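The values are calculated or read from the model by the stated rules, or taken from the named source; none is laboratory data. Keep in mind it's a predicted model, so treat the numbers as computed, not measured. Cβ sites come from the backbone with ideal geometry, for glycine too, and all protein chains shown count toward neighbours. Side chains are part of the model used for accessible areas, which takes the heavy atoms of the whole protein and leaves out ligands, DNA and RNA. Shrake-Rupley method; radii C 1.70, N 1.55, O 1.52, S 1.80 Å.
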Amino acid sequence: MSKPYLGLALGGGGSRGVAHIGALQALHYSGISPDIIAGTSSGSTIGAMYAATLDPFWIENRFRDFMETDLFFKFRSGSLIDGRNEETFLEKVTTKVKQHYMVVLGLNKSFVAKREIIEKAVNFLVPCNDFSELKIPMEIVAVDIQSGEEIIYHEGDLKESIVQSSSIPGFFESTIKDEKIIVDGGVASPIPIETLKNKVSTIMAVDITNSKLKPLKSPNMIEIMRRSDIITSLKLKAKLSSEADILVKPNVAGIHWSDFENFNKLLYSGKSAMEKILNRLKNSNDNSIYKKLIGISN
C-alpha cells in the first residue's frame, strides 16, 4: 500500500496562525488538498478547522465572527490576567517595572490565564469534538515538560488535544494528567515536520516564525535570558524547516503572537507566500512535484 502523498505541517505562532488560513486558501484555489495535517498550537486549531470542513473560506469567516465576541477581546485587552486589574497597571508602566512585576507574579503562580479561556475559544472555532469526525487525518502535538517528550494525538477528544497543544508555558494553565505537565507543542515541535516523517511522500510546512530580533538597549538579566531562549528557538525552527520537502514562509516579521490587529495582513501574507511557492514549483524545469500535487487532489 502506497503512502499518502502530501502531508501539511502547520507551525505555532498565536495570531500569526491567520497566515495558515491564507496559505490554505491558496492551496484550495490551486485544487490541492493535503492528505494529512499535523499541527502545533495555533496550527492545531487551523488544521482541525480545515480537516473538519475542507473549507478555508469558512475558517476565515469563523475567525472574523470570533473576533466580534467578548471572549476575543479578553485575548486582546490583557484581561486574561486574574486578580486586581493587572492589565490596567501593566499598560501604564515601563518595561522594567513590568518585568519586575512578572517576576513577582511568577514566584507565586504557575500561569497567568486559566485553560478555560482556550477551551471556550476552541469550542467556538472547531465544529467537531472527536478526531473520528474529521474528513482527513490530523495529528496534534503537545509536550510533557516533566519528561520533555512529545505527545502526539490522532484519535479521541479533538478539542482537548488542541487545548493542550495551545497552552503557552507560563501564560496559559498547563494540563496535569498522570503525573505529566502538558503544555504547548511548540516547546519541542514548533513546526511538526517530524510528526509526518515516514507517513507521507512529500511534506509541505508552513513556518510562521517571527524571526525579527529588535536591538537590545542596556538589557537587564531577564531580557538577556529571554533573548537567549528566543535564539535557541529560532535555531530549532530553522533546523526543522530545512527538513521539509516544500517550505512556505509567510512574512510575519515583527508581529507578536497576541496581535490580531494585523488579521488582513497575515491572511494576505500566507496566501501570497503559498502562491509564490506553487508558481515556482509549476514553472521549474522539473515540475514533477507540482504535477503530483495537482494529480493527487483531482
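What does the extension gain come out to for Lys282 and Leu216, with contour length at 0.36 nm per residue minus their alpha carbon separation?
On the way: separation 66, 0.36 × 66 = 23.76 nm, distance 4.23 nm.
Fully extending the segment from Lys282 to Leu216 adds 19.5 nm.
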- Message: What are the ³J(HN,Hα) couplings of the stretch 156-164, residue after residue, when phi is run through the Karplus curve with 6.51, -1.76, 1.60 and θ = phi - 60°? Round to Hz, x for glycine and proline.
- Response: x, 6, 5, 5, 5, 4, 5, 4, 5
- Item | In nm, spacing of pseudo-spin labels at Phe57 and Asn123 (7 Å Cα→C-beta vector) | 3.1 nm
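Per the helix-only calculation at 222 nm, which mean residue ellipticity applies to the chain, given -39500 (n - 2.57) for every DSSP H run of n ≥ 4 and division by its residues, nearest 500 deg cm²/dmol? List each step's numbers first, then the result.
Values: 11 runs with 135 residues, N = 298.
Estimated from H runs of four or more residues: -14000 deg cm²/dmol.
Compute the length gained on full extension between Ile294 and Glu116: take 0.36 nm times their separation in residues and subtract their Cα-Cα distance, giving the result in nm to one decimal.
On the way: separation 178, 0.36 × 178 = 64.08 nm, distance 4.10 nm.
Taking Ile294 through Glu116 to full extension adds about 60.0 nm, to one decimal.
What does the C-alpha gyration tensor say about the overall shape of the stretch 229-298? Classify as rounded when a/c is under 1.5, otherwise prolate if a/b is larger than b/c, or oblate.
Numbers: a/c = 2.93, a/b = 1.55, b/c = 1.90.
Since a/c reaches 1.5 but b/c is at least a/b, the shape of the stretch 229-298 is classed as oblate.
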- Item | Using alpha-carbon coordinates, inclination of helix 56-66 to the longest axis of the chain, degrees | 20 degrees
- Query: Amide H to amide H, which residues 5 or more places from Ser33 or on other chains are under 5 Å from it, using H placed in the peptide plane?
  - Reply: Ser297
- Taking the Cα atoms of the chain, what is the range of coordinates along each of the three principal axes, in descending order and whole Å? 57, 41, 39
- Message: Using 0.36 nm times the number of residues separating Ser147 and Ser242, minus their current alpha carbon distance, what extension gain do you get?
- Response: 31.6 nm
- From the backbone phi of the stretch 121-136, what are the Karplus-calculated ³J(HN,Hα) couplings (6.51 cos²θ - 1.76 cosθ + 1.60, θ = phi - 60°) in whole Hz, Gly and Pro given as x? 5, 5, 4, 6, 7, 9, x, 9, 9, 10, 4, 5, 8, 6, 7, 9
- Message: At 7 Å along Cα-to-Cβ for each site, give me the label-to-label distance between Asp157 and Ile136 in nm.
- Response: 2.7 nm
- For the chain, report the accessible area per residue in Å² (1.4 Å probe, heavy atoms, rounded to an integer). 50 Å²
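Which pairs in the list Lys159/Lys180; Lys199/Lys271; Lys120/Lys197; Lys114/Lys276; Lys214/Lys291 are over 30 Å apart, alpha-carbon to alpha-carbon?
On the way: Lys159/Lys180 19 Å; Lys199/Lys271 26 Å; Lys120/Lys197 32 Å; Lys114/Lys276 40 Å; Lys214/Lys291 41 Å.
Violating the 30 Å limit, Cα to Cα: Lys120/Lys197; Lys114/Lys276; Lys214/Lys291.
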- Query: With r defined as the distance between the Cβ atoms of Lys197 and Ser228 and R0 fixed at 22 Å, what FRET efficiency is calculated, to the nearest 0.05?
  - Reply: 0.15
